[in-house]
Structures are given as structure tokens and as C-alpha cells.
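Notes follow once the structure below has been shown.
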Amino acid sequence: MEYLVALADEQQFTRAAAVCRVSQSGLSAGIRNLEGELGTPLFTRTTRRVEPTDAGLALLPFARTMLAQVAAGRDAVIRATHALAGRLRVGAEQCLGVVDVPPLLERFHRRYPLVDIHFTQSGSHDLAGQVRAGELDVAFVATTEHLATVNPVELGRRAIVLLVPAEHPLAGRSDVEWAELRDREFIDFRTSWGVRSLNEAACAAHGVGRRVRCTVDDIHTLLDLIHRGLGIALVPQHVAAKPQAAGLVTIRLPAATSPQWIVSAITSNQAEASASRLLELVGGERSSTNEVMPTTTTVTS
């Protein structure tokens, strides 16, 4: 089929052979064999040019389609091997716990070094919007809101707990009722973070009015502000287990009504082929944590 298309386009055996990177005699033999198989001439030959016959013209569009399918097949094979190339646009919220994104990207880069990785860190709601807009191929988010059109795959979940400084009046408690949180001063993340909307919804559902005294965009800053007595915080359990939280007190919320912080991978329908390859690696890169809360899910690598 390659010989047929090249000869129809070039209308000369010498140029067609050069396009196909074969000898002229080899190309001529190939065309003759094809004509013998079909039982009819496909080209008329003169000293000046070679032109397709009616039979050749009839076969030509099918030949082009076959070659296009062959090329698509080659591309599919390349995408399925370590020769994967192109780009991968990834986003993630900070400190997801269920999946550790930097080691994941490192492993992906080692396996597919020809893929150009672009990474951005932002709040889950912003990331979901970027996936919907086709600006990201895949994102790791901690929200369940507005994900219907971005192919969510749940990776794991953690319970939300209360984190207070050691000198706080609630610090001697192992658990707390929602009513005891009314009118207290809180530290929380910006509204683009999934945990912020989760906290707002949970507090509203239990009639907890609260004052968010400090709004942050970084987990370590949040922990530092709690240490300094500027407020208390509702956080996923793995955040309370971070080394920077040492000295703070973790308090359980009522088990039946404790909100669940859910981490998902989301992709767009137009995502690059590399996105699916990244998700295949996620299982091996999920962080293993020593959970102490009975309502949490531990994911081991």
C-alpha cells in the first residue's frame, strides 16, 4: 500500500522508490505482485510518467485509509511502551496523604523520560476547574464537589479531626461534640481548598457558627498558627500526624457524623495519553501512614 500511494503521488518509479526508501527494482516488483494478486493493472507506464488506472484510482483511497490506520496503530503501541512522548499537565492540592505526588512524578519521569511534565499546586476547586477547562490532564484533589464531568477515581479517605494547642480548654478531651465548637475561633484554608468547603458544610449541618480568624494556603503555616494559640482547626487526620503537629492535641469528632476527607484523581475526556500511564503508577506511590483513628482508611503501598 505504501508503494501504491507513493507511486500515485510521485508518478515516477525513481522518486517513489526514494520516498519508500527501497530500490527502484524492489518497488517495481512490489507493484507487479499487487497487480498480479488483484488480476488487473493499477498503473499505466510511459517513458515520461506513471499514472493510476481506473482500478488504481479505485484502490487509492482505501490504501490511504489503511496507511492511516497503521500509523495510528504504531502511535498506540508507542504510547503503551516506555517510548511514550508528549506532555503531561498535572495538578495537586498540598499534602494529600493518600498519594504522595512528588515521588509519583519522579517515578513517572524515570519510566517515561520523553514526556514533558508540567506540574501546578493549587486548591482542589481551582484544580477541578482547570481539568474541566482542558488546562490540566490529571489532578489529585480532595473534594467531591462538581466532579461529575471529570472522571473521578477515589484513591482513599481520611476522617476530619479537631486540632487544638496544648493549653486550649478542650485539650484534655479525647472527643468533642459539635455543639462545643460553637463560636470558637478557627484557622482554615482558602475557599479553593476542598477541606474548607467540607468544614463549612459540616459546621452548618450541625449549627456550628464559627469565626475563621486566620485563612492560610499552606499546611505548615496552619500548624504554626495553632501552636501560637491563634485558633483551632478541623483537618484531615494525617495532617494532625505530621511531625510539625507534635505538641498539638488531636480530638475526635462524633464518629457517626465525622466528615470524610476524600482524595480522588480526576481526568478530562481530552486528557493526553500520558495521564492514564500516570494513574497506573498511583497504586505503588500511595503513601503508607500509621493511622490511629478507627474511622480512617490506611492505604499501604
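Hey, does the stretch 160-169 have a residue that's more than 30 Å from GLY86 (Cα to Cα) and without any contact (Cβ under 8 Å) to a residue 60 or more places away in the chain? Checked against the condition, which is being more than 30 Å from GLY86 (Cα to Cα) and without any contact (Cβ under 8 Å) to a residue 60 or more places away in the chain, the stretch 160-169 yields at least one hit. Summed over the stretch 118-134, the residues that are loosely packed, with under 15 Cβ neighbours inside 10 Å and under 9 Å from ARG89 (Cβ atoms) give a count of 3. The selection criterion, being loosely packed, with under 14 Cβ neighbours inside 10 Å, acidic (Asp, Glu) and in a helix (DSSP H, G or I), holds for GLU106.
Per the conditions (1) surrounded by 13 or more Cβ atoms within 10 Å (Cβ to Cβ); (2) modelled with pLDDT of 95 or more; (3) out of contact with any Phe, Trp or Tyr (no Cβ under 6 Å at 6 or more places or on another chain), the sole criterion not satisfied by VAL90 is (3).
Considering only residues in the stretch 147-170 that are of a type outside the set (D, E, K, R) and loosely packed, with under 14 Cβ neighbours inside 10 Å, the one that is farthest from LEU253 (Cα to Cα) turns out to be THR149. The set of residues from the stretch 244-253 being in contact with a His (Cβ under 9 Å, 6 or more places away or on another chain) and part of a loop (DSSP other than H, G, I, E, B) comprises GLY247, LEU248.
Among the residues of the stretch 68-77, is any assigned to a loop (DSSP other than H, G, I, E, B) and modelled with pLDDT of 80 or more?
Residues of the stretch 68-77 assigned to a loop (DSSP other than H, G, I, E, B): none.
Checking the stretch 68-77: not a single residue is assigned to a loop (DSSP other than H, G, I, E, B) and modelled with pLDDT of 80 or more.
Checking the structure you have, find out if any residue of the stretch 57-64 is at pLDDT 95 or above, under 30 Å from PRO243 (Cα atoms) and surrounded by 15 or more Cβ atoms within 10 Å (Cβ to Cβ). For the stretch 57-64, residues at pLDDT 95 or above, under 30 Å from PRO243 (Cα atoms) and surrounded by 15 or more Cβ atoms within 10 Å (Cβ to Cβ): absent.
The values are calculated or read from the model by the stated rules, or taken from the named source; none is laboratory data. No experiment lies behind these values; they were computed from the predicted model shown. Counting neighbours? That spans all protein chains shown, and the Cβs are built from the backbone with ideal geometry, glycine included.
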